[in-house]
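Each remark here refers to the structure printed beneath this line.
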Amino acid sequence: MSGSANTCRTAVGFCTYNRSARLPALISALRAQACDEPFDLLVVDNNSADDTAEVLRRLAEAPGVRLHHVRETEQGIVPARNRLLREAQGYEFLLMMDDDEMPAPGWVQAGLRALRDEGLECVGGRVCVRFEQGRPRWLGDDLLGFLCEVDHGTEARPITDDSTPIWTANVGYRMALFATGLRFDMRYSRVGNGLGGGEDVVMFESLLERGHRMGYRPEMVVEHFVEAWRLRRMYFLRLHFTSGVRAGLHATPSSSRQAFGAPLYLYPQALRQGLRALGHLASGSSWLRQAMTFTYACGRIVGARRKTRAPAGARA
């Protein structure tokens with residue numbers, strides 16, 4: 001699959017894993033997108049164990065926008081995303097989303113307009129969370145961002161710092177960004193339905209550091225469907241612990257003052273967060289957000305200890 005073999009400048013792609021039942025509706029919605037120039041669909045099957053390969057084969061044979069799919073056998077979201085970047089070489093623009101989403105009408109055109117006509121190198125839009133089995137009463141709006149919601153308002157704006165993040169759930173790139181070897185960071189991969197990740201955060205930060213032209217466009221909208229297994233308090237706690245472990249491994253400076261293999265300063269930080277979480281719990285106020293901060297702090301200690309004890313080549 002290569003953009004150089006066709007006349008399309010734009011590819012629309014996503015990675016998928018064991019969600020074959022979602023694919024017909026998603027591909028149909030993408031094929032129904034109105035756009036003022038042609039585009040191709042690229043799908044990376046990340047070694048799915050269900051009938052994803054057969055479903056994609058049938059969809060590729062159906063009429064409409066051309067669909068090409070490949071199988072990436074190295075398990076993990078980062079190998080899959082990097083395979084998508086590799087397959088999109090030869091295209092000028094790439095719009096990306098996830099396999100548990102649905103594009104709103106006009107999504108492709110909005111992303112292409114921002115990249116092609118407005119000169120942006122990276123653009124992102126709104127991600128609207130939808131609950132498949134109802135929203136728990138305890139799930140406040142302040143937690144929706146951890147389920148991938150993105151909403152920076154109704155006005156287009158440039159992105160110049162990390163106060164306006166955009167994620168791979170709804171993003172578009174000029175493929176020239178990746179000509180020098182920029183890729184998603186393997187250290188932040190997750191496998192299958194595992195927790196953690198963070199590869200899109202690292203990519204976003206890398207683009208900011210390099211000074212690329214980035215923007216938010218509110219008319220570029222996708223719906224993100226949240227499965228029931230994510231709607232548990234323990235999911236949020238485990239997610240933050242895993243994120244903390246990765247931060248301890250890859251983003252926590254070493255220190256000459258250590259205790260049990262981790263920088264000494266991490267322990268009082270974790271203790272303070274834990275006491276605050278207990279205070280929230282005792283007072284009957286909302287405790288989950290503070291408990292998430294505490295589990296993140298604990299994860300940093302675990303990650304830092306692993307970094308100290310593991311050989312450099314084994315840190316992942």
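The values are calculated or read from the model by the stated rules, or taken from the named source; none is laboratory data. Just so it is clear, the model here is predicted, and its values are computed rather than measured. Backbone-built Cβ (ideal geometry, glycine too); neighbour counts: all protein chains shown. Remember, those area values only see protein heavy atoms, side chains included, never the ligands or the DNA or RNA. Shrake-Rupley method; radii C 1.70, N 1.55, O 1.52, S 1.80 Å.
At-a-glance table
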{"quantity": "Some residue of region 186-194 being open to solvent by less than 50 Å² (accessible area, probe 1.4 Å) and aliphatic (A, V, I, L, M)", "calculated": "no"}
{"quantity": "Boolean, LEU182 is crowded, with 17+ Cβ neighbours inside 10 Å and of a type in the set (A, V, I, L, M, F, W, C)", "calculated": "no"}
{"quantity": "So ALA32, is it within 24 Å of ALA110 (Cβ to Cβ) and modelled with pLDDT of 95 or more", "calculated": "yes"}
{"quantity": "Output for region 82-101, where each listed residue is surrounded by fewer than 19 Cβ atoms within 10 Å (Cβ to Cβ) and in contact (Cβ under 8 Å) with a residue 24 or more places away in the chain", "calculated": "GLN89, GLY90, GLU92"}
{"quantity": "Residues being aromatic (Phe, Trp, Tyr) and open to solvent by 10 Å² or more (accessible area, probe 1.4 Å) - total across region 102-133", "calculated": "1"}
{"quantity": "Residue list for region 230-256, filter: open to solvent by 50 Å² or more (accessible area, probe 1.4 Å), at pLDDT 90 or above and not in a helix (DSSP H, G or I)", "calculated": "ARG232"}
{"quantity": "Residue match in region 276-298 (condition: within 30 Å of ALA156 (Cα to Cα), assigned by the TED database to the domain that holds ALA29 and among the basic types (Lys, Arg))", "calculated": "no"}
{"quantity": "Region 55-78: number of residues that are touching a Cys at 6+ places or on another chain (Cβ under 8 Å) and free of Cβ contacts under 8 Å to residues at least 24 places away in the same chain", "calculated": "0"}
{"quantity": "Matching option when the condition is of a type outside the set (Asp, Glu) and either out of contact with any helix residue (DSSP H, G or I) (no Cβ under 8 Å at 6 or more places or on another chain) or open to solvent by less than 20 Å² (accessible area, probe 1.4 Å) (or both), among ALA34, ALA53", "calculated": "ALA53"}
{"quantity": "Residue check, SER206 part of a loop (DSSP other than H, G, I, E, B) and either free of Cβ contacts under 8 Å to residues at least 12 places away in the same chain or open to solvent by less than 80 Å² (accessible area, probe 1.4 Å) (or both)", "calculated": "no"}
{"quantity": "Region 151-167 residues that are on the phi < 0 side of the Ramachandran plot and open to solvent by 50 Å² or more (accessible area, probe 1.4 Å), paired with ones that are hydroxyl-bearing (Ser, Thr, Tyr) and in a strand (DSSP E or B) (beta carbon under 6 Å, 6 or more apart)", "calculated": "ARG157/TYR216"}
{"quantity": "Given (1) outside the structural domain of VAL150 (by the TED database); (2) closer than 30 Å to LEU30 by Cβ, number of the condition GLY215 does not satisfy", "calculated": "(1)"}
{"quantity": "Test: TYR188 is over 23 Å from ASP151 (Cβ atoms) and of a type in the set (Ser, Thr, Tyr)", "calculated": "yes"}
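Matching residues to (1) in a loop (DSSP other than H, G, I, E, B); (2) out of contact with any Gly (no Cβ under 6 Å at 6 or more places or on another chain):
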site: ARG22; (1), (2): no, yes
site: ASP36; (1), (2): yes, yes
site: LEU84; (1), (2): no, no
site: ARG116; (1), (2): no, yes
